[in-house]
């Protein structure tokens, strides 16, 4: 593994999980990747806790 990005999955102030992606490419992830993955994590948490 030459690159890794880890994005927390938060519900309010609580971290309920994380998305951890590895790559065999050096410097594979940038700010736009982080921003997109934060958006994805937010949507996943919203859907998971829907109706809670």
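Report note on the peptides 19-27, 7-15: ranked by the mean count of other C-beta atoms within 10 Å, highest first, their order is 7-15, 19-27. A crude spin-label estimate for the pair residue 35 and residue 14, with each label 7 Å from Cα along the Cβ direction, gives 3.1 nm.
When the alpha carbon gyration tensor of the chain is reduced to an equivalent ellipsoid, the three semi-axes, largest first, read 25, 10, 8 Å.
Note on residue 50 and residue 22: with the Förster distance fixed at 25 Å, the Cβ-Cβ geometry gives a FRET efficiency of about 0.25.
Only helices enter the 222 nm calculation for the chain: every DSSP H run of n ≥ 4 contributes -39,500 (n - 2.57), and dividing by all residues gives -11500 deg cm²/dmol, rounded to 500.
Counting only alpha carbon atoms, the long axis of helix 31-48 and the longest principal axis of the chain meet at about 30°.
Computed from the coordinates by the stated procedures, all read-outs in this text should not be read as laboratory data. This is a predicted model, so every value here is computed, not measured. For neighbour counting, all protein chains shown are included, and Cβ atoms are generated from backbone atoms with ideal geometry for every residue, glycine included.
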